[in-house]
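The next block holds one structure in the form of structure tokens; read it before the comments.
The values are calculated or read from the model by the stated rules, or taken from the named source; none is laboratory data. Note that the coordinates shown come from a computational prediction; the quantities given were computed from them, not determined experimentally. Here the Cβ is made from the backbone with ideal geometry for all residues, glycine too, and neighbour counts use every protein chain on show. For the accessible areas, the whole protein counts, side chains as well, though only heavy atoms, and no ligand, DNA or RNA atoms are used. Shrake-Rupley method; radii C 1.70, N 1.55, O 1.52, S 1.80 Å.
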Amino acid sequence: MRNNREEQREDLKKRLIDAAEARIAAGGLNGLKARDVTADAGCALGALYTAFEDLDRLILHVNSRTLARLGAALQAAVPVGQGPKEVMAALAQAYVSFALQNFRLWAALFTHRLPEGIEAPDWHRAEHAVLIANIIAPLAELRPDLPPQALQQRARTVFAAVHGVVMLALTARFVATPRDQLPGEVAALVEAMTRGLAD
């Protein structure tokens, strides 16, 4: 049974994650300050460092939540009884929708950097598997010749292609697809990729 001190620490961690998540959702990572987060959480500045090693570690926990939500959204998008091309198309559209609806939290997954020389903990690295987990099965149907390791790598490549188009569009880079055309262009990209994979 957990003691009162452990419960208080877990409550503090949750309040800090909630506060940091709200700040990132409202304003992005830029300008995120420990003092603002702790004020929002209703605790002293030093309390953050009793719950987490530093602000970067707190951001990892916010990103962990975002990954879980993204993974759930992708899983829910998998159509029942459809072929692999339809599954890939549905996953891509779900990814676009999540990024559009949760832009700052989604962007934080890919723009947050730990200080040089510090590696992300294993638990957080493992959570990124949700980005390709649902691509494996339809990809295996399209390319039954690929061994498991090659299948994993091809799934990463497919994800990277879709993600790159979405990231460029949502950060308004020079060669970016306009936002209003993003769903259609991603659909065309996935259709071309799945046609090529099936050939």
Q | Portion, in percent, of the accessible area of the chain that falls on carbon or sulfur, probe 1.4 Å | A | 54
Q) Cross-link partners among lysines for residue 33, C-alpha distance below 26 Å, same-chain residues fewer than 8 apart left out? A) 13, 14
Q. To the nearest 20 debye, what charge dipole does segment 1-75 have about its Cα centre, counting +1 at the Cβ of each Lys and Arg and -1 at the Cβ of each Asp and Glu?
A. 80
Q) residue 24: net charge of surrounding residues, Cβ under 14 Å, Lys/Arg +1, Asp/Glu -1, itself excluded? A) 0
(Q) Using a 7 Å offset from Cα along Cα-Cβ at residue 26, what residues in segment 40-62 end up with backbone N under 14 Å from the label point? (A) 40-42
Q | Point-charge dipole on Cβ atoms (K/R +1, D/E -1) for the chain, about Cα centre, debye to 20 | A | 220
Q: Only helical DSSP H runs with n ≥ 4 go in: add -39500 (n - 2.57) per run for the chain, normalise by residue count and round the 222 nm mean residue ellipticity to 500 deg cm²/dmol.
A: -23500 deg cm²/dmol
Q | Inter-label distance for residue 10 and residue 185, nm, one decimal - labels placed 7 Å from Cα along Cα-to-Cβ | A | 4.6
**Q.** Neighbour-limited loop hits for trypsin sites (Lys or Arg not before Pro), segment 12-68 (at most 10 other Cβ within 10 Å; DSSP other than H, G, I, E, B)
**A.** none
Q: Give the angle, between 0 and 90 degrees and rounded to the nearest 10, that separates the Cα long axis of helix 84-101 from the longest principal axis of the Cα atoms of the chain.
A: 30
Q: List the GluC sites (Glu not before Pro) within segment 1-83 that fall in a DSSP loop (any state other than H, G, I, E or B) and whose Cβ has at most 14 other Cβ atoms within 10 Å.
A: 53
Q. When the Kirkwood radius is taken over all Cα pairs of segment 1-125, what Stokes-Einstein diffusion coefficient follows at 10 °C and 1.306 mPa s, in µm²/s?
A. 98
Q: Roll a 1.4 Å probe over the protein chains and send me the accessible area per residue for segment 1-144 in Å².
A: 54
Q.
With +1 on the Cβ of every Lys and Arg and -1 on the Cβ of every Asp and Glu, and nothing else charged, how large is the dipole of segment 49-148 about its Cα centre, in debye rounded to the nearest 20?
A. 340
